[in-house]
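Student: Next up is a structure, given as structure tokens.
Coordinate-derived values only; no laboratory data. What you see is a predicted model, and the numbers here were worked out from it, not measured in a lab. Cβ sites come from the backbone with ideal geometry, for glycine too, and all protein chains shown count toward neighbours.
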Amino acid sequence: DQQVKQNSPSLSVQEGRISILNCDYTNSMFDYFLWYKKYPAEGPTFLISISSIKDKNEDGRFTVFLNKSAKHLSLHIVPSQPGDSAVYFCAAGDSNYQLIWGAGTKLIIKP
Amino acid sequence: NAGVTQTPKFQVLKTGQSMTLQCAQDMNHEYMSWYRQDPGMGLRLIHYSVGAGITDQGEVPNGYNVSRSTTEDFPLRLLSAAPSQTSVYFCASSLLGAGDGYTFGSGTRLTVV
């Protein structure tokens, strides 16, 4: 039973445009969500998080939106840059110890 | 600062062999975790620790042991390697817990033949 789903294995976006990565979850007890970025042969890098009591969090070019009623969150990257090409993972947690991860979405930024 | 350091980067084991994956962090983080990543899947938690002397099981602990004798080090031991343990292993640490955002090591790619 996949509690966190990223339904798009890959996404291709033109440089300078907006990238929107989506994530759905099934467990209403999750109380925080995080996005990580991963380059090949490296560990994931933490990007941005959001608490379940908020519906939006911004950090520079990155914005995460949370829709609790739909159990859906999205990561917006504006404007998209070549260095944003990577695999993006969403993760969710209901305690301070364990995260449940999605399978990832590979973002390709086209020049 | 070095962050989270994992060794080795690559390892090939024969079925039944044992080995220890090393993980060290220099950020004085209390929380440390071991994850494995398999193709087409998200990361899965193997074991975690909330401080020196305290460890607990995650989602997929079978076949692995951990110990946390110091704040800095969190080694992962494979007791008797099996082909199903072929994976990429990541160690991570955090100051305040999973919700704070982990710092990850660069990973160990393990192949069991």
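Student: Over what distance in Å are the Cα centres of the stretch A:26-57 and the stretch B:13-32 separated?
Tutor: Each part's Cα centre sits 24 Å from the other's.
Student: Please report the spacing between the Cα centers of the stretch B:87-108 and the stretch B:53-76 in Å, no decimals.
Tutor: Centre-to-centre (Cα) distance: 13 Å.
Student: Right, another one. With 10 Å bins from zero, work out the P(r) of the protein assembly as shown over every alpha carbon pair and list the percent per bin.
Tutor: Spelled out per bin, shortest first, that is 8, 33, 35, 19, 4, 0.
Student: Please report the relative contact order for chain A, taking Cα pairs under 8 Å with a sequence separation of at least 6, and give it as a percent rounded to a whole number.
Tutor: Worked out over chain A, it gives 37 percent.
Student: I've got another one for you. Summarise the partner chain shielding of B:57-66 as one whole number: the mean count of Cβ atoms from other chains within 10 Å of each residue's Cβ.
Tutor: 1
Student: Something else about it: Among B:GLY53, B:ASN65, B:ALA92, which residue has its Cα positioned farthest towards the positive end of the charge dipole of the stretch B:53-110, with +1 placed on the Cβ of Lys and Arg, -1 on the Cβ of Asp and Glu, and the dipole taken about the Cα centre?
Tutor: Going by the charge dipole, the pick is B:ASN65.
Student: Are there trypsin sites (Lys or Arg not before Pro) in the stretch A:1-104 that DSSP marks as loop and that have at most 11 other Cβ atoms within 10 Å, and which are they?
Tutor: Those that pass, being in a loop and sparsely packed, number zero.
Student: Could you work out the relative contact order of chain B? I mean the mean sequence separation of Cα pairs under 8 Å and 6+ apart, divided by the number of residues, in percent.
Tutor: Computed value for chain B: 36 percent relative contact order.
Student: Mind jotting down the three principal axis lengths of chain A based on Cα atoms? Whole angstrom, largest first.
Tutor: Here the Cα extents, ordered largest to smallest, are 41, 28, 21 Å.
Student: A:LYS38: which aspartates and glutamates have alpha carbons under 15 Å from its alpha carbon, excluding same-chain residues fewer than 8 sequence positions away?
Tutor: A:ASP84, B:ASP38
Student: Now, a different point. A 22 angstrom limit on the alpha carbon distance is what I want to check against. Which of A:LYS5/A:LYS56; A:LYS37/B:LYS9; A:LYS56/A:LYS110; A:LYS5/A:LYS106 exceed it?
Tutor: A:LYS56/A:LYS110
Student: Separate question: Over the stretch B:47-113, what is the mean sequence separation of C-alpha contacts under 8 Å (at least six apart), divided by residue count, expressed as relative contact order in percent?
Tutor: 24 percent
Student: Mind checking the mean number of beta-carbon atoms from other chains within 10 Å of the Cβ atoms in B:99-110?
Tutor: Shielding by partners across B:99-110 averages 5.
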